[in-house]
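Structure record follows, encoded as structure tokens.
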Amino acid sequence: MERVIFYLMDKSSGEDSIPPSAGPSRIPFFCASRVITALLVVFLLFNPLSALAFDLESRVKEFTLDNGLKVLFLERKGAPIFAAHMAFKVGSVEELAGHTGAAHMLEHMLFKGTTRIGTTDWGKEEPLLEKVDSIGEQLDIAVREGKDQNTIENLRAELNKALEEEKKYIAPESYSKIYAAEGGVGHNAGTSWDTTTYIIRLPSNKFELWARLEADRLENAVLREYYAERDVVLEELRRSYENNPDGKLFERFMATAYTTHPYGRPVIGLGPDISLLSISEVKRFLNAWYVPNNAVIAIVGDLKFEEVQSVITKYFGFIPSRPLPERVVAVEPPQQAERRVDVEFDASPTLMMGFHKPNAPHADDYVFSVIDSILTLGRTGRMDRSLAQKKKVALSVGSFVAPGDRYPNMFIISAEPRPPHSTRDVEKAVWEELERLKTAPVSKKELEKVVNNMEADYVRQLQSHYGMARLLTHYQVVTGDWRDIIKEMEKIKAVTPEDIQRVAGKYFTRDNLTVGSIVRDK
């Protein structure tokens, strides 16, 4: 089974980059994924990798430093490289009201360097940066309080002058230059509702370099060039949401589906919040959540456990732990009636239908994983065969779970109508397939085929160093135990036709439905 993990990616990624952004990529992504899975089934069933998948428990080694930092390691001999993922259990759900976007903004800022990286002379730069931050805060307050234009323009001129003075000591893109010079690939980071993750692949003989750089980033981060980066994020917001039909639909859809829980807010934040998001709030977020006792590191590759343990202890061991803030996240009340939202855009019509559901470890979550594959397993999935091939009302159809995994989430079906059919025509056809799940049990043959494909998909994710490290950190952070990678597959294999009928009847109801549609501008 492939679990889609949504991240808002930033820096350029390598060939194994985390899948897609916070908005829904066009539906074919999901369909293509399933098609690839089907083609891999026969190969993987006879490949030694399938044995590897079920031997994880004995091969993954772990240790926890005295400061609470959790480390997972999987040795893989072969090419002399390793993948490193460092994940923090903090995402946009931890943001305070009025300060949305802080998690993603901080992720951007942690590419700006430290007291050692990104500066030509920290001693001279530090007082200039303090001056920049002070004037910037005054300017934000003046704008927020509606001060007169003259006051605002004077502060803006002061800020620009201070920025020019500090700029003399800034060494831009230092991390990227260092990693690229040492053979690094896929230096990247991603923020989701649930987590924030920093990733890279490097030659094995650069492991100590990685540990030194990342420990320094955790302990001595300097948030320089903040105001320029805030403008970059605002442009990203316009490009990914305001001027992108899929992004805009996804934002409006989630805001409609969630009335209370922060899953209803976009990871990137809300425009008015970002435009005046203070650097003091981003620093508070950094100091509150970026501590070793809130982090997990996964290392996968051609290294020895003794070396990994020794080097990580040397560079991360002295960073002090701190008490974490209380995680106060509002509880979404049960939905009582159908909700609908239309987004007007000069783009192809698109339909999204979502149903609230529990997250893991609730037993019904694993049933939804099976339903997902039954409905949209590429060209052989029920939805594609019915809506695209037989009735010809849709060009494509897919399904996925979003937005996160730490709290109750949604099962979402997305489809693009085939002209001249409308989103209403597609919705009607989707309902017919959902009702079929309720009334007719899935045959044992179909269920066996689906589970076999999910198992092959699961094995496929374990092949690359990157994919393995991603799963290890994700499950350790989200569920608290990386072994749930294995347990999840066992629970999926135990799903019965009766489970599927029961879950379909319980959750696929009109009162639990949110519908979002892209309709052309009038």
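The values are calculated or read from the model by the stated rules, or taken from the named source; none is laboratory data. Source: prediction; values computed, not measured. All Cβ positions, even for glycine, are placed from backbone atoms using ideal geometry, and neighbour counts span all protein chains on display. In case anyone asks, the SASA skips ligands and DNA or RNA and just uses the protein heavy atoms, side chains included. Shrake-Rupley method; radii C 1.70, N 1.55, O 1.52, S 1.80 Å.
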Determine the distance separating the Cα centre of the range 159-195 from the Cα centre of the range 400-477; give it in Å without decimals.
37
Treating cross-link reach as a plain straight distance, find the lysines whose alpha-carbon is under 16 Å from the alpha-carbon of residue 444, omitting any fewer than eight places away in the same chain.
493
Among the listed pairs 248/391; 70/112; 112/491, those beyond 32 Å (Cα-Cα)
112/491
Solvent-accessible area per residue for the range 424-522 (1.4 angstrom probe, square angstrom):
42
How large a share of the accessible area of the chain, in percent, is made up of carbon and sulfur atoms when the probe is 1.4 Å and the other protein chains stay in place?
53
With only Lys, Arg, Asp and Glu charged, each at its Cβ (+1 for the first two, -1 for the last two), find how big the charge dipole of the chain is about the Cα centre; round to the nearest 20 debye.
1580
Assigning unit charges at the beta carbon (Lys, Arg +1; Asp, Glu -1) and nothing else, what dipole magnitude in debye, to the nearest 20, does the range 349-436 show about its Cα centre?
380
Compute the Cα gyration tensor for the range 68-206, then decide on rounded, prolate or oblate, letting a ≥ b ≥ c be the square roots of its eigenvalues: rounded whenever a/c is under 1.5, prolate when a/b is larger than b/c in the other cases, and oblate in all that remain.
oblate
Over the range 135-206, average the accessible area per residue using a 1.4 Å probe and give it in Å², no decimals.
48
Identify, among 519, 318, 234, the residue whose Cα sits farthest towards the positive end of the charge dipole of the chain, taking +1 on the Cβ of Lys and Arg and -1 on the Cβ of Asp and Glu, with the dipole about the Cα centre.
519
Take every Cα-Cα pair in the range 436-522 and report what % of them are more than 22 Å apart.
51
Identify, among 356, 136, 81, the residue whose Cα sits farthest towards the positive end of the charge dipole of the chain, taking +1 on the Cβ of Lys and Arg and -1 on the Cβ of Asp and Glu, with the dipole about the Cα centre.
356
For residue 309 and residue 448, extending 7 Å from Cα along the Cα-Cβ vector and measuring point to point gives, in nm, a value of 4.5
Based on DSSP H runs of at least 4 residues, each adding -39500 (n - 2.57), what is the mean residue ellipticity at 222 nm of the chain after dividing by all its residues, to the nearest 500 deg cm²/dmol?
-14000 deg cm²/dmol
At 1.4 Å probe radius, can you tell me the per residue accessible area of the range 288-391 in Å²?
41
Cα shape, the range 156-284, gyration tensor, a/c 1.5 rule
oblate
Among 291, 509, 333, whose Cα projects farthest towards the positive end of the dipole of the chain, with charges put on the beta-carbon of Lys, Arg (+1) and Asp, Glu (-1)?
509
Descending packing, highest mean Cβ count within 10 Å first, for 514-520, 76-82, 494-500, 289-295 is 289-295, 514-520, 494-500, 76-82
Under the rule rounded for a/c under 1.5, else prolate if a/b exceeds b/c, else oblate, using alpha carbon gyration tensor axes a ≥ b ≥ c, the range 409-466 is classed as oblate
